[in-house]
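As structure tokens, the structure follows; a few thoughts come after it.
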Amino acid sequence: MAGLMVVRSNSQLDAEDAAAQSAREAAERQQIPVLSGLSGHVRKCWEAARDAKQPIERDMLKALRQRTGEYEPEKLAEIRKTGGSEIFMVLTETKCRGAESWLRDILLDEGMVPFDLKPTPLPDMPPDYKEKVNELISQNVIQAIQKNQPLDPVMMETFQEQADEDIRVKLMEDAVDRAERMKRQISDQFAEGGMVDGFNAFISDLSTYPAAVLKGPTVRRIKQLDWAQAPDGSYAPTVTEKLVPTYSRVDPFRFYPEPGVTRLKDGYCIEHHRLSKADLADLIGVPGYDDGAVRAVLDEGSTADWLWSAEYTKAELENKFSTWREDSTKFDALEFWGAVSGQDLIDFGLDAEEVPDPAKMYDACVWLVGRWVIKATLNYDPLGDKPYRMTSAVKRPGALWGVSYPELIEDVQAMCNAAARALANNMGLASGPQVEVSVDRLAEGEKVTQLYPWKIWQTVSDPLGSGQAAVRFNQPDDRSGALLGVYGQFARLADEQSGIPAYVYGDGAVGGAGRTASGLSMLMGSAGKGIRQTIMHIDFDVIGPIVQAQYNWNMQYVDDPSIKGDCEIIPRGAVTLANREQLNVRRVEFLQATANPIDSKIVGPMGRAAILREVAKGLSMPVDDIVPTNEQLEVRQELERKAQEQQAAMQAEQAGQAPTEAPAEVGPDGNPQGGGDQGNVVSNQITGNGGA
């Protein structure tokens, strides 16, 4: 039977030739000594960071076992030697879950991480600032000439100061508007980039491990589903792709900072990825990646040679069993962020314009899969920061890895477990009598292996005539009361050591001041001092830097001039906790205190509307439906002013008189001082009443 002939088009042959040529070029590049040095540099850093992290990994596994309610293998072996109960009281899980819920309640109360953007106290002056000032001065001079006012140096200086102040006020108003627009832009990017999901997982890690890591912003191509309407009125799905900044939680077990550093910015860091074949194939054609190297990795097959026992142990603790049987076509990849030789980057293919000095070290991102460098690019962050944010629930001075909640109560958990095991063993012993039987006095065929109610013992007479019973019963002492007291004492001690009291997660047995609403609020405020330290770490180590990075990215790449401006990043996690219970109460009190004619004239409708908006926000009410905007207030005031004028005109007409202007005030020199309608307008502008 004749074989079949395979027929390919010219385009297919060209594509195959191009792919083969790309693979040959990639192989040649990988064999260049300096590029091999780049691969060796990343490998060397990886081995050092992995070895330095092994004690931390043991601590993390211990914390995970403690939270999941499992003994360390050595401890479990000791318990089984003596026999008895193996009970494990999940006190750590309760505390960690309470910490998670408390942090989420504070930091994700509004569905997004709490932050604010405010313009800097002195916004940058525009290039035409002097021209605008001179223009305002000219207008004031013209008005003074028309009123026959003398133009002396004092008046000119007054015009200069007034023009400067007017321009600064307008600049500040514009800066506030730009900051608000930038805040909305960042919030939208957080929503699209998965910030909430990543931050939610980050909180779980923070409550369990010595540190938690959040990554972002990293620009990725994502697919988005849109709906297009056909001419017949039906809708059809369309899939589009776009580049967006994304955020994700990094598994602490797969994050490796440089040994000995105190801050991430002080050295390199490496993230370990497990990529599928599809993940690698999707990198072909992505800017920055070496297509030939990616194809070579795919041709060679899996490179799962960097795994270690901690990975499998962690998977089992997470109820992921038989992970060794997963798809074998997995690829281990190292994402390296740190200093790299300029010559290595040039040999990889970067332009000399990007790397002007081959002898210098440049902050770069390098991806290594097996022996292949599939990516090497410069770190384009303006400050050279890495896209990782790391913090701990409790800081350890001078260390990057802190103290976890399980570690804080490790001794307490051990004592509670010991008390619980002793309690279970004692309850078993004291639940019935211990029986002593003289087996030589039992009747033939009598069994002593079972004890049940109404049992009849058949015995023979004592040959010694001692008169002792053949069966004697001994009831062991019940020590459960004392053991429960020990357990309760150490369980209460866990509240102090962890800073997560029982009433935070709804313990109904709170006594004393906690029995009233105000007393419980006071207790929560006192307990909040401990969690506030953790929230401040999150504010300054995670939220602030990640918002700053997104702000810098928007300033550099987003083509929208209405959001550009100098802004100050303000994380609001600790502020939210501090003001949560009392801020809105104080706002309501302020509203009541200013509800008088004098204060109302000073604050004005605009100021009072601003306070009402904040009160409504604190009460989770629809602000836009309750309080009108400033523009709507201005329109309403203008309508009220016109209605008053019409009413005054009608009253004057009914009285047979022409409407007259308000009498002008007379100054000390006898001249009119801002009388009539002009004086009213000036007065209204000062008080903020807008003529109402």
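Of the residues in the range 340-369, how many are open to solvent by 10 Å² or more (accessible area, probe 1.4 Å) and either touching a residue at least 40 places away in the same chain (Cβ under 8 Å) or of a type in the set (Phe, Trp, Tyr) (or both)?
Total satisfying the criteria: 8.
Can you tell me which residue in the range 297-313 is farthest from Glu271 (Cα to Cα), limited to those that are modelled with pLDDT of 80 or more and surrounded by 12 or more Cβ atoms within 10 Å (Cβ to Cβ)?
Result: Glu300.
Going through the range 49-77 one residue at a time, which ones are out of contact with any strand residue (DSSP E or B) (no Cβ under 9 Å at 6 or more places or on another chain) and of a type in the set (A, V, I, L, M, F, W, C)?
Ile56, Met60, Leu61, Ala63, Leu64, Leu76, Ala77
Regarding the range 59-74, can at least one residue be identified that is farther than 30 Å from Arg532 by Cβ and among the aliphatic types (A, V, I, L, M)?
Scanning the range 59-74 turns up no residue that is farther than 30 Å from Arg532 by Cβ and among the aliphatic types (A, V, I, L, M).
Can you name the helices (runs of 4 or more DSSP H) wholly within the range 520-594 that have at least 3 residues being within 27 Å of Glu173 (Cβ to Cβ) and modelled with pLDDT of 75 or more?
Output list reads 544-557.
For the range 82-115, name all the residues that are part of a helix (DSSP H, G or I) and among the hydrophobic types (A, V, I, L, M, F, W, C).
Within the range 82-115, Leu91, Cys96, Ala99, Trp102, Leu103, Ile106, Leu107 meet the criteria.
Any residue in the range 417-440 that is without any contact (Cβ under 8 Å) to a residue 24 or more places away in the chain and among the charged types (D, E, K, R)?
So far as the range 417-440 goes, yes, one or more of its residues are without any contact (Cβ under 8 Å) to a residue 24 or more places away in the chain and among the charged types (D, E, K, R).
With the structure loaded, tell me whether Val34 is at negative phi, assigned to a helix (DSSP H, G or I) and at pLDDT below 55 or whether it fails that test.
yes
Which numbered condition in (1) at pLDDT 60 or above; (2) more than 29 Å from the chain's Cα centre (by Cα); (3) open to solvent by less than 70 Å² (accessible area, probe 1.4 Å) is the only one that Glu74 fails?
Result: Glu74 passes all but (3).
With respect to Ala163, determine if the residue is modelled with pLDDT under 95 and crowded, with 18+ Cβ neighbours inside 10 Å.
Judged against the criteria, Ala163 is a match.
Just wondering, is there one or more residues in the range 472-480 that are part of a strand (DSSP E or B), in contact with a strand residue (DSSP E or B) (Cβ under 6 Å, 6 or more places away or on another chain) and surrounded by 14 or more Cβ atoms within 10 Å (Cβ to Cβ)?
Taking every residue of the range 472-480 in turn, none turns out to be part of a strand (DSSP E or B), in contact with a strand residue (DSSP E or B) (Cβ under 6 Å, 6 or more places away or on another chain) and surrounded by 14 or more Cβ atoms within 10 Å (Cβ to Cβ).
The values are calculated or read from the model by the stated rules, or taken from the named source; none is laboratory data. Computed from a predicted model, the values in this text were never measured in an experiment. Cβ: placed from backbone, ideal geometry, glycine included. Neighbour counts: every protein chain shown. These area figures cover heavy atoms from the full protein model, side chains too; ligands, DNA and RNA do not enter into them. Shrake-Rupley method; radii C 1.70, N 1.55, O 1.52, S 1.80 Å.
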